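*Asks:* After the structure tokens below, expect a handful of questions from me.
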Amino acid sequence: MKRLMSVILIQLLAVAWLLALYVLFGMSACTHPVEHLLAIPVAVLPPALPVICRLGSDVRVRRWLADLDGE
């Protein structure tokens, strides 16, 4: 179950990273891509970390993952 949770968390981080890249590079005002690449970990990961930690400690999520392991 811990392995599954870590895989899900890694995938969520990857999706957040790709979404941030899409938003930053999709905007026409983006003229400094290197600066944006350096700013993404600062802008995306700290707000996402409490959400991911909260999801990981929620009893309902653990129960749902346990149900998935049993199937």
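The values are calculated or read from the model by the stated rules, or taken from the named source; none is laboratory data. Every value quoted in this text rests on a predicted model; they were computed, and no experiment measured them. Note: ideal-geometry Cβ built from the backbone for every residue, glycine included; neighbour counts use all protein chains shown. When the accessible area is computed, the model is the full protein with side chains, heavy atoms only, and any ligands, DNA or RNA have been set aside. Shrake-Rupley method; radii C 1.70, N 1.55, O 1.52, S 1.80 Å.
*Asks:* Counting just the residues of the stretch 44-63 that are open to solvent by 70 Å² or more (accessible area, probe 1.4 Å) and either in contact with a Phe, Trp or Tyr (Cβ under 7 Å, 6 or more places away or on another chain) or aliphatic (A, V, I, L, M) (or both), which one comes out modelled with the highest pLDDT?
*Replies:* Looking at residues that are open to solvent by 70 Å² or more (accessible area, probe 1.4 Å) and either in contact with a Phe, Trp or Tyr (Cβ under 7 Å, 6 or more places away or on another chain) or aliphatic (A, V, I, L, M) (or both), I get VAL59.
*Asks:* Give me the pairs: first residue in the stretch 12-30 and of a type in the set (Val, Ile, Thr) and modelled with pLDDT of 75 or more, second residue exposed (fewer than 11 other Cβ atoms within 10 Å of the Cβ) and part of a helix (DSSP H, G or I), beta-carbon distance under 6 Å, and six or more apart or on different chains, which are they?
*Replies:* Sorted first by the residue in the stretch 12-30, then by its partner, the list stays empty.
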